[in-house]
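What follows is a single structure, written as structure tokens, with notes after it.
The values are calculated or read from the model by the stated rules, or taken from the named source; none is laboratory data. Everything numeric here is computed off the predicted structure, so don't read it as measured data. Note: ideal-geometry Cβ built from the backbone for every residue, glycine included; neighbour counts use all protein chains shown.
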């Protein structure tokens, strides 16, 4: 699932994928995979990205998750 929050924040900042990738020390292709939802970054990269966008790691990576689905599955609903 695409990380729409990252896309929104990147566009609002006027930065390119390449610029953000350089700022956090990863390749542009790695950043594109993270933003596109094809790869999940290590904790240290999560923190760098969150700091760069001035949000928390939770806001950047977990805000859109539907926790009720997992809860219902666990409860057998």
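Select from the stretch 19-31 the residues that are within 16 Å of residue 60 (Cβ to Cβ) and assigned to a helix (DSSP H, G or I) and list them in ascending order.
As a first pass, look at the stretch 19-31 and keep what is within 16 Å of residue 60 (Cβ to Cβ): 20-21, 23-24, 26, 30-31.
Within the stretch 19-31, 20, 21, 23, 24, 30, 31 meet the criteria.
Here's a check for you: in the stretch 1-15, which residue that is loosely packed, with under 13 Cβ neighbours inside 10 Å and either part of a loop (DSSP other than H, G, I, E, B) or in contact with a strand residue (DSSP E or B) (Cβ under 8 Å, 6 or more places away or on another chain) (or both) is modelled with the lowest pLDDT?
Applying the first criterion (loosely packed, with under 13 Cβ neighbours inside 10 Å) to the stretch 1-15 yields 1-2, 4, 8, 11-12, 14.
This time we only want the ones that are either part of a loop (DSSP other than H, G, I, E, B) or in contact with a strand residue (DSSP E or B) (Cβ under 8 Å, 6 or more places away or on another chain) (or both), so: 1-2, 14.
On the way: 1: 80, 2: 88, 14: 96.
It comes out as 1.
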**Report entry** Check on residue 12, farther than 13 Å from residue 61 by Cβ and under 13 Å from the mean Cα position of the chain (by Cα)
**Finding:** no
Query raised in the report: Given 50, 32, 23, which one is modelled with pLDDT of 95 or more, within 14 Å of residue 1 (Cα to Cα) and touching a helix residue (DSSP H, G or I) at 6+ places or on another chain (Cβ under 7 Å)?
Result: 32
Query raised in the report: Being surrounded by 13 or more Cβ atoms within 10 Å (Cβ to Cβ), more than 11 Å from the chain's Cα centre (by Cα) and not in a helix (DSSP H, G or I), is that true of even one residue in the stretch 46-53?
Result: no
